[in-house]
Amino acid sequence: GQNIDQPTEMTATEGAIVQINCTYQTSGFNGLFWYQQHAGEAPTFLSYNVLDGLEEKGRFSSFLSRSKGYSYLLLKELQMKDSASYLCAVRDLWSNDYKLSFGAGTTVTVRA
Amino acid sequence: GAVVSQHPSRVICKSGTSVKIECRSLDFQATTMFWYRQFPKQSLMLMATSNEGSKATYEQGVEKDKFLINHASLTLSTLTVTSAHPEDSSFYICSASKQTNTEAFFGQGTRLTVV
């Protein structure tokens, strides 16, 4: 199994930057994903890291350090619509199924 | 991105009845689909892995006789909640991948309420 930890809640101001940390413990690591989920909706894909380093995609960036079992999602120029839950998910290779295990999610509230 | 369609989006049923939820990959073939449930303000909990043409693999603690999964084709998996009870009320979400080593695309989710 995996232990995936991320903060429960974060609050930031519109236009600011927020960093959501995620730590994990797993064997057979095969990638880390970040998803955004608005209340009552399904998760939508944000980013994917399998090698160490920073992946930038517009206002969102994600970083991975495999040796430290650590990732973060960086949200820049926050907008009100960014208020959502952000899920860190780790993919393991068990047998032939690439299973995703999710953290509990970080609820980000953007204030004007 | 790929499209995964889940139906129905909301369903209310009486206690003791069964409910079927469909998950379709609309523009790609998915040999593997995953079923999750999510309680309010909690994360997604993997229930089972659905493989086309074979029996589903259930996670520990998930009753296979209660949550029947059928993956009859490369584009359709169904989850049937049998003899539903109020504690089965939850948000059920499916996901599918184009290949085994790519990102998972999620369906819209099904809000099940058992009364």
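Net charge in the neighbourhood of A:I20 (other residues with Cβ under 12 Å of its Cβ; Lys, Arg +1, Asp, Glu -1) is -3. The accessible-area ordering, largest first, of the residues B:M47, A:M80 stands as A:M80, B:M47, per a 1.4 angstrom probe.
Of all the options A:G58, A:G40, A:G15, the one that moves most in a Gaussian network model of chain A with Cα springs shorter than 10 angstrom is A:G40. Multiplying each eigenvalue of the alpha-carbon gyration tensor of chain B by 5 and taking the square root yields semi-axes of 22, 14, 13 Å, largest first, rounded to whole angstroms.
Its Cα gyration tensor gives the protein assembly as shown an equivalent ellipsoid, and the semi-axes of that ellipsoid, as √(5λ) in whole Å with the largest first, are 30, 21, 15.
Using a cutoff of 8 angstrom between alpha carbon atoms and counting only pairs six or more residues apart, the relative contact order for chain B works out to 37 percent. Our note on the geometry: Cα centres of the stretch A:77-92 and the stretch B:65-106, 23 Å apart. Highest GNM mean-square fluctuation among B:Q38, B:Q29, B:Q60, for chain B modelled with Cα contacts below 10 Å: B:Q60. Listed by chain and number, the lysines placed with their C-alpha closer than 22 angstrom to that of B:K64 are A:K99, B:K14, B:K20, B:K55; residues fewer than eight positions away on the same chain are left out. Looking at chain A, send over the antiparallel percent of its DSSP beta bridges, to the nearest 5. In chain A, DSSP labels about 90 percent of beta bridges as antiparallel. Peptide B:33-44 is shielded by partner chain Cβ atoms: per residue, an average of 4 of them sit within 10 Å of its Cβ. In summary, chain A shows an alpha-carbon radius of gyration equal to 1.03 times the 2.2 N^0.38 Å reference for compact globular proteins. Excluding same-chain neighbours fewer than eight residues apart, the aspartates and glutamates reachable from B:K98 by a Cα-Cα span under 12 Å are B:D27.
Take each residue of peptide A:32-43, count the partner chain Cβ atoms within 10 Å of its Cβ, and average: the result is 4. Rolling a 1.4 Å probe across all protein chains gives B:Y58 an accessible area of roughly 60 Å². Listed by chain and number, the lysines placed with their C-alpha closer than 20 angstrom to that of A:K81 are A:K57, B:K41; residues fewer than eight positions away on the same chain are left out. Ranked from largest, the principal axis spans of the Cα set of the stretch B:73-112 equal 36, 19, 14 Å. Take each residue in A:46-59, count the other chain C-beta atoms within 10 Å of its C-beta, and the mean is 0.
Around the Cα centre of the protein assembly as shown, unit charges on the Cβ atoms of Lys, Arg, Asp and Glu (plus for the first two, minus for the last two) sum to a dipole of about 280 debye.
The values are calculated or read from the model by the stated rules, or taken from the named source; none is laboratory data. What you are looking at is a predicted structure, and each value in this text was computed from that prediction instead of being measured. Counting neighbours? That spans all protein chains shown, and the Cβs are built from the backbone with ideal geometry, glycine included. Note: areas computed on protein heavy atoms with side chains; ligands, DNA, RNA excluded. Shrake-Rupley method; radii C 1.70, N 1.55, O 1.52, S 1.80 Å.
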